[in-house]
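Following: one structure in C-alpha cells, then a few remarks.
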C-alpha cells in the first residue's frame with residue numbers, strides 16, 4: 001500500500017503529492033481503493049503518519065551528523081518514557097501504554113479536564129469510535145511520558161489527534 005505526501009489517505013498509485021511523479025488516480029479510483037480498508041481495521045492502527053519519499057542524495061549525505069545527534073536525544077527520551085511505563089505497570093503483565101486494557105485507563109491515566117474536553121470534542125466532531133477514543137488516550141499518555149509530564153495535557157491530546165484523525169483532503 002502506498003501513502004501520499006499530503007494526507008494520511010492511501011492512494012492506488014502512491015504518487016499524489018510526489019514532486020517527481022504525477023498522480024493519475026481519479027477521485028472514484030481513490031474512493032474505491034480507500035474502501036478496502038474497513039473502519040474497524042483502521043481503528044486498530046494507533047498512528048496514521050505521512051512518510052514522504054526521501055531524496056537518495058540526502059540519504060547518502062555525509063552531513064548527517066545533526067540527524068545522528070537528534071536520534072541520540074530521541075533515543076534517550078524513549079528510554080526515559082519506557083522506564084516511566086515500567087514503573088507505572090510494575091508487577092503487572094503490562095509493558096507499554098498500548099498494552100493497557102480500557103479498564104486500566106481509570107487506574108493509571110491522569111488526564112486534565114481541559115484535555116478531556118478536547119478529546120470529547122474530537123470524538124464528536126470526527127465521529128470517532130469508542131476504540132479510537134481509548135487508543136487516543138493511550139497515545140496521549142505516551143506523548144505525556146515522552147514529555148515527562150505526570151498528566152495528559154491538551155497539547156498531548158492534540159498531538160495524538162494529529163497522528164490519528166484522517167481528513168478527506
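The values are calculated or read from the model by the stated rules, or taken from the named source; none is laboratory data. Quick caveat: nothing in here was measured; it's all calculated off a predicted structure. Neighbour counts are summed over all protein chains in view; Cβ atoms, including those assigned to glycine, are modelled from backbone coordinates with ideal geometry.
Scan segment 13-42 for residues that are in a loop (DSSP other than H, G, I, E, B), under 27 Å from residue 130 (Cβ atoms) and touching a strand residue (DSSP E or B) at 6+ places or on another chain (Cβ under 9 Å) and jot them down.
Scanning segment 13-42 gives 36, 37.
When both residues are 6+ apart or on different chains and their Cβ atoms are under 6 Å apart, which pairs have a first residue that lies in segment 120-131 and is touching a residue at least 24 places away in the same chain (Cβ under 8 Å), and a second that is surrounded by 10 or more Cβ atoms within 10 Å (Cβ to Cβ)?
Going by the 6 Å Cβ cut-off, the qualifying pairs are 122/161; 126/165; 129/43; 131/43.
If residue 111 satisfies every condition in (1) within 21 Å of residue 89 (Cβ to Cβ); (2) touching a residue at least 24 places away in the same chain (Cβ under 8 Å); (3) out of contact with any strand residue (DSSP E or B) (no Cβ under 6 Å at 6 or more places or on another chain) but one, which is the exception?
Result: residue 111 fails condition (3) only.
Which condition does residue 96 not pass, out of (1) within 19 Å of residue 43 (Cα to Cα); (2) touching a residue at least 60 places away in the same chain (Cβ under 8 Å), if it passes all the others?
Single failed check for residue 96: (2).
Do any helices (runs of 4 or more DSSP H) lying entirely in segment 99-169 carry at least 3 residues that are over 16 Å from the mean Cα position of the chain (by Cα), modelled with pLDDT of 95 or more and more than 28 Å from residue 86 (Cβ to Cβ), and which ones are they?
Numbers: elements: 102-108, 113-126, 130-146, 154-164.
Of the helices (runs of 4 or more DSSP H) lying wholly inside segment 99-169, those with at least 3 residues that are over 16 Å from the mean Cα position of the chain (by Cα), modelled with pLDDT of 95 or more and more than 28 Å from residue 86 (Cβ to Cβ) span 113-126.
Taking the conditions exactly as written (at pLDDT below 95 and touching a helix residue (DSSP H, G or I) at 6+ places or on another chain (Cβ under 6 Å)), does residue 47 satisfy them or not? Reasoning before the result, please.
Values: at pLDDT below 95: yes; touching a helix residue (DSSP H, G or I) at 6+ places or on another chain (Cβ under 6 Å): yes.
Spelling it out, residue 47 is indeed at pLDDT below 95 and touching a helix residue (DSSP H, G or I) at 6+ places or on another chain (Cβ under 6 Å).
Determine which single condition residue 155 fails, assuming it passes every other condition in (1) in contact (Cβ under 8 Å) with a residue 40 or more places away in the chain; (2) over 17 Å from residue 48 (Cβ atoms); (3) surrounded by 14 or more Cβ atoms within 10 Å (Cβ to Cβ); (4) out of contact with any helix residue (DSSP H, G or I) (no Cβ under 6 Å at 6 or more places or on another chain).
Of the numbered conditions (1) in contact (Cβ under 8 Å) with a residue 40 or more places away in the chain; (2) over 17 Å from residue 48 (Cβ atoms); (3) surrounded by 14 or more Cβ atoms within 10 Å (Cβ to Cβ); (4) out of contact with any helix residue (DSSP H, G or I) (no Cβ under 6 Å at 6 or more places or on another chain), the odd one out for residue 155 is (1).
Which numbered condition in (1) modelled with pLDDT of 75 or more; (2) surrounded by 10 or more Cβ atoms within 10 Å (Cβ to Cβ); (3) in a loop (DSSP other than H, G, I, E, B) is the only one that residue 61 fails?
Condition (1) is where residue 61 drops out.
Conditions first: (1) over 30 Å from residue 137 (Cβ atoms); (2) modelled with pLDDT under 70; (3) surrounded by 12 or more Cβ atoms within 10 Å (Cβ to Cβ). Residue 21 passes all but one, so which condition is the exception?
(2)
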